[in-house]
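K.L.:
Sharing a structure, written as C-alpha coordinates. Questions coming.
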Number of protein chains: 2
Amino acid sequence: MQRVFEALASSVRRQILALLSHAELSAGDIASRFKISKPSISQHLSILEAAGLVASERRGQFVFYRLVRENLVNTLDGYVQQVCPVRRPLRKESATRAAKATPLSEG
Amino acid sequence: MQRVFEALASSVRRQILALLSHAELSAGDIASRFKISKPSISQHLSILEAAGLVASERRGQFVFYRLVRENLVNTLDGYVQQVCPVRRPLRKESATRAAKATPLSEG
DNA sequence: TTAGCAGTTAGCGCAATGCCTAAATACCAT
DNA sequence: ATGGTATTTAGGCATTGCGCTAACTGCTAA
(Lines give C-alpha, C1' and ligand atoms only; values in the text may rest on other atoms or scores of the structure.)
Protein backbone atom coordinates (compact mmCIF):
# COMPACT_ATOMS: atom_id res chain seq x y z
CA MET A 1 0.00 0.00 0.00
CA GLN A 2 2.82 2.37 0.83
CA ARG A 3 4.44 1.41 -2.45
CA VAL A 4 1.24 1.99 -4.35
CA PHE A 5 0.72 5.49 -3.02
CA GLU A 6 4.36 6.35 -3.53
CA ALA A 7 4.11 5.11 -7.08
CA LEU A 8 1.03 7.21 -7.69
CA ALA A 9 2.68 10.33 -6.32
CA SER A 10 4.48 10.86 -9.61
CA SER A 11 2.65 12.46 -12.49
CA VAL A 12 4.72 10.58 -15.03
CA ARG A 13 3.87 7.28 -13.41
CA ARG A 14 0.18 8.09 -13.29
CA GLN A 15 0.35 8.95 -16.97
CA ILE A 16 2.05 5.66 -17.70
CA LEU A 17 -0.76 3.81 -16.00
CA ALA A 18 -3.27 5.80 -18.00
CA LEU A 19 -1.46 4.85 -21.20
CA LEU A 20 -1.50 1.21 -20.21
CA SER A 21 -5.19 1.35 -19.51
CA HIS A 22 -5.78 1.33 -23.26
CA ALA A 23 -3.27 -1.25 -24.33
CA GLU A 24 -0.22 -3.24 -23.44
CA LEU A 25 2.90 -1.39 -24.53
CA SER A 26 6.61 -2.03 -24.77
CA ALA A 27 9.01 -0.04 -22.62
CA GLY A 28 10.22 1.80 -25.69
CA ASP A 29 6.71 2.65 -26.81
CA ILE A 30 6.03 4.11 -23.41
CA ALA A 31 9.29 6.03 -23.33
CA SER A 32 8.61 7.52 -26.75
CA ARG A 33 5.52 9.23 -25.35
CA PHE A 34 7.49 11.22 -22.80
CA LYS A 35 10.20 13.79 -23.00
CA ILE A 36 12.36 12.14 -20.42
CA SER A 37 15.02 9.58 -21.19
CA LYS A 38 14.45 5.88 -21.63
CA PRO A 39 16.40 4.92 -18.52
CA SER A 40 14.24 7.26 -16.47
CA ILE A 41 11.11 5.63 -17.84
CA SER A 42 12.58 2.23 -17.12
CA GLN A 43 13.08 3.29 -13.55
CA HIS A 44 9.50 4.51 -13.31
CA LEU A 45 8.31 1.22 -14.71
CA SER A 46 10.26 -0.74 -12.15
CA ILE A 47 8.69 1.34 -9.38
CA LEU A 48 5.25 0.67 -10.79
CA GLU A 49 6.04 -3.00 -11.02
CA ALA A 50 7.37 -3.15 -7.46
CA ALA A 51 4.08 -1.62 -6.40
CA GLY A 52 2.24 -4.32 -8.27
CA LEU A 53 0.52 -1.81 -10.51
CA VAL A 54 1.97 -3.16 -13.73
CA ALA A 55 3.33 -6.51 -14.86
CA SER A 56 6.02 -7.08 -17.45
CA GLU A 57 6.67 -9.84 -19.89
CA ARG A 58 9.55 -10.14 -22.27
CA ARG A 59 8.66 -11.18 -25.78
CA GLY A 60 11.66 -11.34 -28.05
CA GLN A 61 13.58 -8.09 -27.87
CA PHE A 62 10.76 -6.24 -26.25
CA VAL A 63 9.47 -6.03 -22.74
CA PHE A 64 5.76 -5.46 -22.67
CA TYR A 65 4.06 -3.83 -19.77
CA ARG A 66 0.43 -4.21 -18.85
CA LEU A 67 -1.71 -2.59 -16.22
CA VAL A 68 -2.72 -4.60 -13.17
CA ARG A 69 -6.04 -2.98 -12.53
CA GLU A 70 -6.95 -5.15 -9.61
CA ASN A 71 -4.19 -3.94 -7.37
CA LEU A 72 -4.75 -0.31 -8.22
CA VAL A 73 -8.44 -0.44 -7.57
CA ASN A 74 -8.19 -2.64 -4.50
CA THR A 75 -5.63 -0.41 -2.87
CA LEU A 76 -7.35 2.88 -3.53
CA ASP A 77 -10.71 1.45 -2.64
CA GLY A 78 -9.32 -0.12 0.50
CA TYR A 79 -7.97 3.16 1.71
CA VAL A 80 -11.07 5.09 0.78
CA GLN A 81 -13.13 2.66 2.79
CA GLN A 82 -10.82 3.19 5.72
CA VAL A 83 -11.39 6.91 5.51
CA CYS A 84 -15.00 7.00 4.37
CA PRO A 85 -16.33 4.30 6.67
CA VAL A 86 -18.60 1.76 4.99
CA ARG A 87 -19.08 3.80 1.91
CA ARG A 88 -19.84 2.23 -1.45
CA PRO A 89 -16.72 0.42 -2.63
CA LEU A 90 -15.75 0.50 -6.27
CA ARG A 91 -15.25 -3.23 -6.60
CA LYS A 92 -17.55 -5.91 -7.72
CA GLU A 93 -18.08 -8.23 -4.74
CA SER A 94 -20.34 -5.84 -2.92
CA ALA A 95 -22.65 -4.36 -5.47
CA THR A 96 -25.25 -5.40 -2.92
CA ARG A 97 -23.90 -3.23 -0.14
CA ALA A 98 -23.75 -0.36 -2.59
CA ALA A 99 -27.50 -0.20 -2.62
CA LYS A 100 -27.61 0.73 1.07
CA ALA A 101 -25.54 3.90 0.47
CA THR A 102 -24.83 4.61 4.13
CA PRO A 103 -24.79 8.34 4.79
CA LEU A 104 -22.42 9.27 7.58
CA SER A 105 -21.30 12.68 8.70
CA GLU A 106 -21.79 14.34 5.36
CA GLY A 107 -25.33 13.16 4.68
CA MET B 1 -4.74 16.16 -8.16
CA GLN B 2 -0.96 16.22 -8.06
CA ARG B 3 -1.20 17.67 -4.59
CA VAL B 4 -3.65 15.03 -3.48
CA PHE B 5 -1.49 12.14 -4.58
CA GLU B 6 1.61 13.72 -3.12
CA ALA B 7 -0.24 14.20 0.14
CA LEU B 8 -1.33 10.58 0.16
CA ALA B 9 2.20 9.35 -0.48
CA SER B 10 3.05 9.78 3.19
CA SER B 11 1.99 7.14 5.65
CA VAL B 12 1.69 9.66 8.45
CA ARG B 13 -0.63 11.81 6.37
CA ARG B 14 -2.78 8.85 5.43
CA GLN B 15 -3.03 7.97 9.10
CA ILE B 16 -4.03 11.51 9.92
CA LEU B 17 -6.85 11.31 7.41
CA ALA B 18 -7.93 8.00 8.90
CA LEU B 19 -7.99 9.60 12.34
CA LEU B 20 -10.08 12.46 11.06
CA SER B 21 -12.53 10.07 9.49
CA HIS B 22 -13.90 9.37 12.94
CA ALA B 23 -13.97 12.85 14.37
CA GLU B 24 -12.77 16.37 14.08
CA LEU B 25 -9.58 16.84 16.09
CA SER B 26 -7.33 19.65 17.19
CA ALA B 27 -3.78 19.83 15.89
CA GLY B 28 -2.49 18.88 19.32
CA ASP B 29 -4.81 15.90 19.56
CA ILE B 30 -3.53 14.68 16.27
CA ALA B 31 0.10 15.26 17.18
CA SER B 32 -0.30 13.38 20.45
CA ARG B 33 -1.14 10.24 18.48
CA PHE B 34 2.20 10.19 16.69
CA LYS B 35 5.77 9.90 17.79
CA ILE B 36 6.95 12.78 15.68
CA SER B 37 7.11 16.37 16.84
CA LYS B 38 4.28 18.85 16.81
CA PRO B 39 5.87 21.06 14.18
CA SER B 40 6.23 18.10 11.88
CA ILE B 41 2.57 17.25 12.30
CA SER B 42 1.69 20.85 11.67
CA GLN B 43 3.61 20.65 8.42
CA HIS B 44 1.78 17.49 7.43
CA LEU B 45 -1.52 19.16 8.19
CA SER B 46 -0.67 22.12 6.03
CA ILE B 47 0.17 19.78 3.16
CA LEU B 48 -3.13 18.00 3.60
CA GLU B 49 -4.92 21.31 3.69
CA ALA B 50 -3.15 22.57 0.58
CA ALA B 51 -4.33 19.42 -1.13
CA GLY B 52 -7.86 20.18 -0.01
CA LEU B 53 -8.09 16.96 1.95
CA VAL B 54 -8.68 18.63 5.28
CA ALA B 55 -10.07 21.96 6.42
CA SER B 56 -9.09 23.85 9.54
CA GLU B 57 -10.97 26.17 11.81
CA ARG B 58 -9.64 27.99 14.82
CA ARG B 59 -11.84 27.90 17.91
CA GLY B 60 -10.31 29.67 20.85
CA GLN B 61 -6.82 28.41 21.45
CA PHE B 62 -7.33 25.37 19.31
CA VAL B 63 -7.25 24.74 15.61
CA PHE B 64 -9.59 21.95 14.65
CA TYR B 65 -9.08 19.89 11.57
CA ARG B 66 -11.76 17.98 9.75
CA LEU B 67 -11.63 15.62 6.81
CA VAL B 68 -12.89 16.82 3.43
CA ARG B 69 -14.14 13.51 2.15
CA GLU B 70 -15.47 14.87 -1.09
CA ASN B 71 -12.13 15.89 -2.47
CA LEU B 72 -10.45 12.68 -1.44
CA VAL B 73 -13.09 10.49 -3.00
CA ASN B 74 -13.54 12.60 -6.10
CA THR B 75 -9.85 12.66 -6.83
CA LEU B 76 -9.19 8.99 -6.32
CA ASP B 77 -12.34 8.05 -8.13
CA GLY B 78 -11.53 10.41 -10.97
CA TYR B 79 -8.17 8.86 -11.50
CA VAL B 80 -9.46 5.32 -11.19
CA GLN B 81 -11.99 6.07 -13.89
CA GLN B 82 -9.25 7.41 -16.09
CA VAL B 83 -7.35 4.18 -15.70
CA CYS B 84 -10.22 1.73 -15.51
CA PRO B 85 -12.33 3.15 -18.31
CA VAL B 86 -16.01 3.47 -17.50
CA ARG B 87 -15.75 1.36 -14.44
CA ARG B 88 -18.13 1.70 -11.53
CA PRO B 89 -17.34 4.95 -9.72
CA LEU B 90 -17.39 5.07 -5.97
CA ARG B 91 -19.57 8.14 -5.67
CA LYS B 92 -23.24 8.49 -5.26
CA GLU B 93 -24.54 10.10 -8.47
CA SER B 94 -24.30 6.96 -10.52
CA ALA B 95 -25.65 4.17 -8.39
CA THR B 96 -27.56 3.37 -11.54
CA ARG B 97 -24.50 2.77 -13.65
CA ALA B 98 -23.13 0.63 -10.87
CA ALA B 99 -25.77 -1.95 -11.59
CA LYS B 100 -24.43 -2.52 -15.08
CA ALA B 101 -21.01 -3.55 -13.73
CA THR B 102 -19.10 -3.14 -16.99
CA PRO B 103 -16.51 -5.88 -17.28
CA LEU B 104 -13.48 -4.81 -19.26
CA SER B 105 -10.21 -6.62 -19.63
CA GLU B 106 -10.32 -8.40 -16.32
CA GLY B 107 -13.85 -9.58 -16.50
C1' DT C 1 0.96 43.66 30.89
C1' DT C 2 2.66 39.21 32.04
C1' DA C 3 2.42 34.19 32.03
C1' DG C 4 1.26 30.14 29.68
C1' DC C 5 -0.64 26.95 26.42
C1' DA C 6 -1.60 25.88 21.30
C1' DG C 7 0.08 26.11 16.91
C1' DT C 8 2.95 27.69 13.10
C1' DT C 9 7.18 29.38 10.89
C1' DA C 10 12.26 29.28 10.20
C1' DG C 11 16.43 27.11 9.52
C1' DC C 12 19.27 22.96 9.49
C1' DG C 13 20.83 18.11 8.37
C1' DC C 14 20.12 13.98 6.10
C1' DA C 15 18.05 10.66 3.22
C1' DA C 16 15.39 9.82 -0.85
C1' DT C 17 13.77 11.14 -5.52
C1' DG C 18 14.26 12.14 -10.25
C1' DC C 19 16.71 13.30 -13.96
C1' DC C 20 20.78 12.59 -16.83
C1' DT C 21 24.76 10.01 -19.57
C1' DA C 22 27.52 6.02 -20.12
C1' DA C 23 28.04 1.32 -19.76
C1' DA C 24 26.21 -3.27 -19.35
C1' DT C 25 22.88 -7.01 -20.47
C1' DA C 26 19.45 -9.57 -23.36
C1' DC C 27 17.86 -10.85 -27.46
C1' DC C 28 17.64 -11.19 -32.74
C1' DA C 29 19.81 -11.69 -37.22
C1' DT C 30 23.65 -12.53 -39.97
C1' DA D 1 30.89 -14.85 -32.96
C1' DT D 2 29.48 -9.89 -34.64
C1' DG D 3 26.53 -6.19 -35.03
C1' DG D 4 22.26 -3.94 -34.02
C1' DT D 5 18.21 -2.95 -31.30
C1' DA D 6 15.72 -2.93 -26.70
C1' DT D 7 16.10 -2.39 -22.03
C1' DT D 8 18.23 -2.16 -17.61
C1' DT D 9 21.97 -0.97 -14.38
C1' DA D 10 25.43 2.23 -12.47
C1' DG D 11 27.05 6.49 -11.03
C1' DG D 12 26.58 11.46 -10.55
C1' DC D 13 24.18 15.67 -9.47
C1' DA D 14 20.41 18.87 -8.22
C1' DT D 15 16.14 19.01 -5.88
C1' DT D 16 12.78 17.72 -2.71
C1' DG D 17 10.94 15.64 1.50
C1' DC D 18 10.91 14.82 6.32
C1' DG D 19 12.47 14.97 10.72
C1' DC D 20 14.38 17.96 14.40
C1' DT D 21 15.01 22.29 17.65
C1' DA D 22 14.38 27.10 18.40
C1' DA D 23 11.90 31.02 17.86
C1' DC D 24 7.60 33.37 16.74
C1' DT D 25 2.34 34.30 16.72
C1' DG D 26 -2.47 33.89 18.61
C1' DC D 27 -5.41 33.20 22.22
C1' DT D 28 -6.81 32.86 27.38
C1' DA D 29 -6.37 34.16 31.92
C1' DA D 30 -4.68 36.65 35.68
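The values are calculated or read from the model by the stated rules, or taken from the named source; none is laboratory data. Because the structure is predicted, anything quoted here is derived from the model rather than measured. All Cβ positions, even for glycine, are placed from backbone atoms using ideal geometry, and neighbour counts span all protein chains on display. Ligands, DNA and RNA are stripped out before the accessible areas are found, and what is left, the full protein with its side chains, is counted by its heavy atoms. Shrake-Rupley method; radii C 1.70, N 1.55, O 1.52, S 1.80 Å.
K.L.:
Do we have any residue at all in segment B:39-51 that's open to solvent by 20 Å² or more (accessible area, probe 1.4 Å), within 11 Å of another protein chain (Cβ to nearest Cβ) and either modelled with pLDDT of 95 or more or closer than 19 Å to A:F5 by Cβ (or both)?
P.N.:
No, because not a single residue in segment B:39-51 is open to solvent by 20 Å² or more (accessible area, probe 1.4 Å), within 11 Å of another protein chain (Cβ to nearest Cβ) and either modelled with pLDDT of 95 or more or closer than 19 Å to A:F5 by Cβ (or both).
K.L.:
Of (1) basic (K, R); (2) open to solvent by less than 80 Å² (accessible area, probe 1.4 Å); (3) modelled with pLDDT under 95, A:K100 satisfies all except one. Which?
P.N.:
(2)
Residue-by-condition table, conditions (1) within 16 Å of DNA strand C (Cβ to nearest atom); (2) touching a residue at least 12 places away in the same chain (Cβ under 8 Å):
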position	(1), (2)
B:A55	yes, yes
B:V68	yes, yes
B:V80	no, no
B:P85	no, yes
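K.L.:
I need the full set of residues from segment B:28-52 which are hydroxyl-bearing (S, T, Y) and either near DNA strand D (Cβ under 10 Å from one of its atoms) or over 11 Å from B:R13 (Cα atoms) (or both), in order please.
P.N.:
If the condition is that a residue be hydroxyl-bearing (S, T, Y) and either near DNA strand D (Cβ under 10 Å from one of its atoms) or over 11 Å from B:R13 (Cα atoms) (or both), then B:S32, B:S37, B:S40, B:S42 are the ones that fit.
K.L.:
OK, next. Look at A:L20 and say whether it is over 16 Å from A:N74 (Cα atoms) and either in contact (Cβ under 8 Å) with a residue 60 or more places away in the chain or surrounded by 15 or more Cβ atoms within 10 Å (Cβ to Cβ) (or both).
P.N.:
Judged against the criteria, A:L20 is a match.
K.L.:
Can you tell me how many residues within segment B:72-89 are open to solvent by 40 Å² or more (accessible area, probe 1.4 Å), on the phi < 0 side of the Ramachandran plot and either more than 12 Å from the chain's Cα centre (by Cα) or assigned by TED's automatic domain parsing to the domain that holds B:Q15 (or both)?
P.N.:
2
K.L.:
A further question on this structure: Find all pairs meeting these conditions: Cβ atoms under 8 angstrom apart; at least six residues apart or on different chains; first residue within segment A:38-49 and acidic (D, E); second residue within 7 Å of DNA strand D (Cβ to nearest atom).
P.N.:
A:E49/A:S56
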